[in-house]
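Encoded as structure tokens, the structure appears first; notes follow it.
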């Protein structure tokens, strides 16, 4: 059951098209998975359409709009656009993971999986100018060493669940972490856990041997 | 009172939002089904100036604003058949189209169009195929009624529909549990939803 959602204000920015593109992507994928936020998005769209299109003050047709109208009616109906066939899943070790719609386009831009420390797998995703995102798979019992964040870390649980000592996150959950959060994610589900993650600055590992990773943390999750 | 002032009257008449939405929906239907030019000109006269003032506030450049109006209204003319009456008002639909076009225009200006485009984020202008996330059946009728109709489906379809809609499982999970291909789950879902829609229509 999805418990964690983007803040209302973040969704408003997303719906109005003003959110950061990478954030928009993660929010869009969450909305694909989340009936609650689908309703939110519908309600916000309606509100924004009222705000932007319903003002009755001094809107009138002028001659250039009239010309435009006639030109448009000369256009033929666009040929049916079929959604291009996209890989809708991600494969790892013989398992297939269904991806939310918004992330499907990036499935083909995902590099191969590589094993990180312990029971962790990582596959970078080229997001163009937005940088890189990562699919991260934690095998059952697998964990990311305790870390904090220099910037923002957006995580969407694609399949399975994980805990971080304070909370348990389920499939579809949207999680925002920043420098005020330190956590140690552990995959508790017997099937492990697949997440999509986007960080704008490298993670900062805070305990034990993992601190040795910090000089190389740009290699991890960034 | 003067007669023969229908145009002015039409424009100044204060309309309830619902009434206006119904009227605009009817225009969209006629555009989709008959390429009705009168309907389009009414719809255009109402929305184009509003989209233009939205565009001007957002972009602040007259030429680009007109481009946004042009693209938005051309999509309305060409893709009216994609408007879903059950999912929202014409004004919401047209706003989302304009929002998408504005988003792409800005990305293009930054030469970043390739990273991500509006259709990735908000698929407004695509045929919607049966999607297990869509819960619009629930809104059309009571759950009890659906339960009755559910009994009329082949058992194999019932199992899939229950797992997805009642237990909230993903199609992949259902495929894994029943040990059948994902494609089979999808086609069973689609067939079952089609059948349910027919049953709902018959009993409306």
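Looking at this structure, is residue B:110 free of Cβ contacts under 8 Å to residues at least 60 places away in the same chain, more than 22 Å from residue A:47 (Cβ to Cβ) and surrounded by fewer than 21 Cβ atoms within 10 Å (Cβ to Cβ)? Considered against the rule, which asks whether it is free of Cβ contacts under 8 Å to residues at least 60 places away in the same chain, more than 22 Å from residue A:47 (Cβ to Cβ) and surrounded by fewer than 21 Cβ atoms within 10 Å (Cβ to Cβ), residue B:110 comes out as yes. Would you point out the residue of the stretch A:1-20, among those that are in contact (Cβ under 8 Å) with a residue 12 or more places away in the chain and buried (at least 20 other Cβ atoms within 10 Å of the Cβ), that is farthest from the chain's Cα centre (by Cα)? Ranking the candidates gives A:15 first.
So which residues in the stretch B:66-110 are more than 20 Å from the chain's Cα centre (by Cα) and over 16 Å from residue B:48 (Cα atoms)? Across the stretch B:66-110, the qualifying residues are B:105, B:106, B:107, B:108, B:109, B:110.
Note on the stretch A:161-174: residues that are in a strand (DSSP E or B) and buried (at least 22 other Cβ atoms within 10 Å of the Cβ) total 3. Scan the stretch B:58-83 for residues that are more than 11 Å from chain A (Cβ to nearest Cβ) and closer than 28 Å to residue B:34 by Cβ and the total you get is 2. Anything in the stretch B:164-204 that is more than 14 Å from every other protein chain (Cβ to nearest Cβ), touching a helix residue (DSSP H, G or I) at 6+ places or on another chain (Cβ under 7 Å) and at pLDDT below 80? List them, or say none. Matches in the stretch B:164-204: B:196, B:199, B:200. The single condition from (1) at pLDDT below 85; (2) over 15 Å from the mean Cα position of the chain (by Cα); (3) facing chain A (nearest Cβ under 7 Å) that residue B:113 fails is (3). Mind telling me which of the residues A:151, A:165, A:133 ends up being within 14 Å of chain B (Cβ to nearest Cβ) and touching a residue at least 12 places away in the same chain (Cβ under 8 Å)? Checking each option against the conditions leaves just A:133. Of A:50, A:58, all but one fail to be at pLDDT below 95, at positive phi and surrounded by fewer than 20 Cβ atoms within 10 Å (Cβ to Cβ); the exception is A:58. Residue A:155 - would you say it is within 16 Å of the chain's Cα centre (by Cα) and outside any strand (DSSP E or B)? So residue A:155 fails the test. Taking the stretch A:3-62 and the helices (runs of 4 or more DSSP H) fully enclosed by it, the elements with 3 or more residues that are out of contact with any strand residue (DSSP E or B) (no Cβ under 9 Å at 6 or more places or on another chain), closer than 24 Å to residue A:131 by Cβ and facing chain B (nearest Cβ under 9 Å) are at A:8-16, A:21-33. Considering only residues that are closer than 30 Å to residue A:35 by Cβ and without any contact (Cβ under 8 Å) to a residue 40 or more places away in the chain, which ones fall in the stretch A:88-105? Listed by number, the residues that qualify are A:88, A:89, A:91, A:95, A:96, A:104, A:105. Residue A:140 meets the conditions (1) assigned to a strand (DSSP E or B); (2) farther than 19 Å from residue A:30 by Cα; (3) touching a residue at least 40 places away in the same chain (Cβ under 8 Å) in every case but one. The failed one is (1). Answer yes or no as to whether residue B:120 is modelled with pLDDT of 80 or more and either more than 8 Å from chain A (Cβ to nearest Cβ) or surrounded by 14 or more Cβ atoms within 10 Å (Cβ to Cβ) (or both). For residue B:120, the condition - modelled with pLDDT of 80 or more and either more than 8 Å from chain A (Cβ to nearest Cβ) or surrounded by 14 or more Cβ atoms within 10 Å (Cβ to Cβ) (or both) - is met. I'd like the residue in the stretch A:186-204 that is at pLDDT 85 or above and outside any strand (DSSP E or B) and, out of all such residues, is farthest from the chain's Cα centre (by Cα). Checked the stretch A:186-204; the qualifying residue farthest from the chain's Cα centre (by Cα) is A:190.
The values are calculated or read from the model by the stated rules, or taken from the named source; none is laboratory data. Since the model is a prediction, treat every value here as computed from it, not as a measurement. With ideal geometry, Cβ positions are generated from the backbone for all residues, glycine too; neighbour counts draw on all protein chains shown.
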